[in-house]
Amino acid sequence: MNKKIARFISVAELIIAVIMYFAVAYQFDNDPVIMAILPDTDFEATLLRLSIYIIPGINIISGIFGITFNTKGILCFAGLLEILAGYLTLYFSGKSDLMNTMGIIMTVFGILYIICILTIRNKNKVPKKKKERRSRRK
């Protein structure tokens, strides 16, 4: 069941990537808070300008990793990337309710994804046998 939930979240991340691209692009033109930050040349403004590519890109990477790989480490990394994308979305949300909602959804998806991945049990794993100790009798 957890694997099905993780696959659903991976597909949802790919859909969210498309939504976020258009949401961030729209926000650049219409949000007064964001428009005030854009002309600056500091790190925050540069990260804001790159967020139109970073946020959807992280969602695409997380979704493809979740669909393609089975290793728990890589899948947990994909979940952490999704949490990062949610944090960036919340940080640069401005006055947009859609960006706030999408940031919360991405963060929750990332946390749920990590929980689902860590609770999946491998059915093919064979338990190790304990070594038998032999007593020496002479």
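Farthest toward the dipole's positive end in the range 39-124, which of 58, 118, 43, given Cβ charges of +1 (Lys, Arg) and -1 (Asp, Glu) about the Cα centre?
The one lying farthest along the dipole's positive direction is 118.
Once the other residues with Cβ under 12 Å from the Cβ of residue 34 are scored (Lys, Arg +1; Asp, Glu -1), what is the net sum?
Here the count lands on -2.
Evaluate E = 1/(1 + (r/R0)^6) for residue 14 and residue 76, where r is the Cβ-Cβ distance and R0 equals 25 Å; express this FRET efficiency to the nearest 0.05.
0.85
Who wins for biggest fluctuation among 65, 43, 28 in a Gaussian network model of the chain, springs between alpha carbons below 10 Å?
Highest fluctuation among the options: 43.
For mean projected area of the Cα convex hull in nm², the choices are (i) 12.1; (ii) 17.8; (iii) 7.9; which was calculated from the structure?
This structure yields the entry labelled (i).
Relative contact order, percent, of the chain when contacts are C-alpha pairs under 8 Å separated by at least 6 residues?
Computed value for the chain: 29 percent relative contact order.
What distance in nm separates the two pseudo spin-label positions at residue 118 and residue 90, each 7 Å out from Cα along the beta-carbon direction?
1.8 nm
Would you mind working out the accessible area per residue for the range 15-73, using a 1.4 Å probe, and quoting it in Å²? Before the final figure, lay out each step's value.
On the way: 3360 Å² over 59 residues.
Each residue of the range 15-73 exposes 57 Å² on average to a 1.4 Å probe.
Quick one: with all protein chains in place, what share of the accessible area of the chain is carbon or sulfur, to the nearest percent (1.4 Å probe)?
C and S fraction of accessible area: 65 percent.
Quick one: accessible surface of residue 14, probe radius 1.4 Å, all protein chains present, in square angstrom to the nearest 10.
Counting only protein heavy atoms, residue 14 exposes about 60 Å² to solvent.
Separation of the range 84-130 and the range 1-46 by C-alpha centroid, Å?
16 Å
Assuming R0 = 22 Å, what is the FRET efficiency of residue 49 and residue 97, from their Cβ-Cβ distance, to the nearest 0.05? Intermediate results must be reported in sequence, preceding the final value.
On the way: r = 22 Å, r/R0 = 1.02.
Computed FRET efficiency for residue 49 and residue 97: 0.45.
Around residue 9, what is the net charge, scoring Lys/Arg as +1 and Asp/Glu as -1 over all other residues with Cβ under 14 Å from its Cβ?
Charge balance near residue 9 sits at +1.
The values are calculated or read from the model by the stated rules, or taken from the named source; none is laboratory data. Just so you know, these numbers come straight off a predicted model, no measurement behind them. Positions of Cβ are backbone-derived with ideal geometry, glycine not excepted, and every protein chain shown enters the neighbour counts. Just so you know, the surface numbers come from the protein's heavy atoms only, side chains and all, with ligands and any DNA or RNA stripped out. Shrake-Rupley method; radii C 1.70, N 1.55, O 1.52, S 1.80 Å.
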